[in-house]
Amino acid sequence: MNIGQAAAASGVSAKMIRHYESLGLFPQAARTEAGYRQYGDGEVATLRFIRQSRDLGFSLAQIRELLGLWQDRRRPSRQVKALAQAHIQELEAKLAELQAMKATLAHLVDCCHGDDRPDCPILASLEAPPSARK
């Protein structure tokens with residue numbers, strides 16, 4: 001199948017397929033005599049794997065590692081589990097950061113009158129030096 005068909009079958013855009021190829025995350029496709037990329041079921045499965053890994057928030061480096069583990073049928077599952085657990089910890093840290101940002105912004109919104117006056121605690125907070133915030 002060509003790149004458009006592979007993109008449709010995998011859920012990965014043609015642009016991202018080319019990007020993954022340029023990064024070496026996904027192998028360069030075989031080409032026809034006319035220079036068109038050719039993909040088979042194996043490549044589409046790999047693209048799907050990459051897409052689903054990205055959907056779970058894994059970084060490209062983590063996906064590279066996951067791909068290696070996936071392709072090594074003799075790998076111990078503890079390596080995969082350890083990688084997933086480390087990613088969960090990263091997600092929990094990001095979630096805590098997002099919750100703190102939300103709480104700060106909610107506080108600023110509560111402090112803002114939202115009327116015709118020009119003074120605004122939201123803008124004042126954004127212009128203040130980091131040490132003066134909170």
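Tabulated data for the structure shown
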| read-out | value |
| --- | --- |
| Test result for Arg74, farther than 22 Å from Met16 by Cα and among the charged types (D, E, K, R) | yes |
| Number of positions in segment 16-43 that are among the β-branched types (Val, Ile, Thr) and more than 11 Å from Asn2 (Cα to Cα) | 1 |
| Residue match in segment 8-26 (condition: exposed (fewer than 11 other Cβ atoms within 10 Å of the Cβ), among the acidic types (Asp, Glu) and part of a helix (DSSP H, G or I)) | no |
| Helices (runs of 4 or more DSSP H) enclosed by segment 54-134 - at least 3 residues per element that are exposed (fewer than 10 other Cβ atoms within 10 Å of the Cβ) | 77-111 |
| Close pairs (7 angstrom Cβ cut-off, 6 or more residues apart or separate chains): within 12 Å of Leu47 (Cβ to Cβ) in segment 16-29, of a type in the set (D, E, K, R) and not in a helix (DSSP H, G or I) anywhere | Ala29/Arg37 |
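The numbers here are math on the coordinates, done by the rules we state, and not lab data. This one's a predicted model, so the numbers in the text were calculated from it and none came from an experiment. Backbone-built Cβ (ideal geometry, glycine too); neighbour counts: all protein chains shown.
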